[in-house]
Amino acid sequence: MMKRFNQWFPALLGGLLALTLITPESLAQGGRGPGRAIVLGPDDKQVYPDPPAGINAKREGVAHGQLEMISYESKSVGTTRKMNVYTPPGYSKDKKYPVLYLLHGIGGDETEWQRFASPNLLLDNLLADGKAVPMIVVMPNGRAQKDDRAQGGMGSAPAFAKFEDDLLKDVIPAIESRYSVQADREHRALAGLSMGGGQSLNFGLAHLDTFAWVGGFSSAPNTKRPAELVPDPAAAKAKLKLLWLSCGNKDGLIGISQGVHAYLKEKDVPHVWNVDSNAHDPTHWRNNLYHFVQQIFRDPERNGK
Ligand code: FER
């Protein structure tokens, strides 16, 4: 029962948000707000197929990585905070690993991705099939305030913006001091769902010297406006290895991602734009994570998509 609640609550929340947020202000946003009716254009197509069933089912006979909940001192928030960290099978201090920072939505915390997608099992399975590079996955708490429990709804939006400092000044240094990592932009990825998708686009695209692989799945209205998000298209084009945008075609927030896609296309910034048939739900997030993690840290010559 609890599991089902956890599965459906975010979709319910997204639906309620979509229904209740039709305000004059959101309508005046020129179609960015969640109140806008979904209008699909010719580019809004699924370019990565729905994955097979069981992508995150625990498989016997494959090597398993480890998941650990660690604490770190956050100078920017002024508290001890938590993050969930996956290390791949055979993790060894004698090797160095790339790191994916994976951010949750407005109703979640450092445990949310685990409930929605069990990224540890998803990665174990892809690694067993040779479809991903061994990597560390860090799932922090993106609500950068002293009380960072998964509550507060829209009121916590400012804390999601403040997380930029915590991520850059506290989370990444804590990970790089405790784990054996490749500490450069080409070995750091940033992706997230909904509020975490907006954070990933906002922070990732503002810090191209820190992240080369960026993904936003069903990015929320916290996403900056496109021209602010990518003020220097030439720099984004030159530096990004992968920019992944995705949304379900039944998600009332799709206007946000459509706007980013249209701008990137106009400015000739290579990116993936994957529109599948999901809503604002864990299936979309799990499926897009599955495809995203297979692409990252692979081709050093890769350019954007
Ligand atoms: C909004 C609608 C949805 C919004 C945030 C969300 C900040 C976030 C949804 C989620 O994280 O699931 O208007 O404004």
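Each value in this text was obtained by applying a stated rule to the coordinates, not by laboratory testing. All values derive from a computational prediction rather than experimental measurement. Methodologically, a virtual Cβ is constructed for each residue, glycine included, from the backbone with ideal geometry; neighbour enumeration extends over all protein chains shown.
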Query raised in the report: Quick one: in the chain, what % of C-alpha pairs are over 32 Å apart?
Result: 20
Query raised in the report: Working from the pairwise distances between different alpha carbons, so that the mean of 1/r is found and then inverted, what is region 114-192's Kirkwood radius in Å?
Result: 14.6
Report task. Averaging sequence separations of C-alpha pairs under 8 Å and six or more residues apart, then dividing by the length of the chain, give the relative contact order as a whole percent. Result -> 21
Query raised in the report: Of L67, M139, M154, whose Cα points farthest to the positive end of the dipole of the chain (charges on the beta-carbon: +1 Lys, Arg; -1 Asp, Glu; origin at the Cα centre)?
Result: L67
Query raised in the report: In whole Å, what is the distance between the alpha-carbon centres of region 61-83 and region 95-111?
Result: 9
**Report entry** Distance cut-off 16 Å, percentage of C-alpha pairs in region 75-114 lying past it
**Finding:** 55
Report summary line: Given 4 °C, 1.567 mPa s and a Kirkwood radius over Cα pairs, the Stokes-Einstein diffusion coefficient of region 161-284 in µm²/s is 89
Report summary line: For region 151-194, the Cα gyration tensor yields equivalent-ellipsoid semi-axes (√(5λ), largest first, whole Å) of 25, 12, 9
Query - Gap separating the Cα centres of region 169-196 and region 231-265, nearest whole Å - result: 21
Query raised in the report: How big is the antiparallel share of DSSP beta bridges in the chain, given as a percent to the nearest 5?
Result: 35
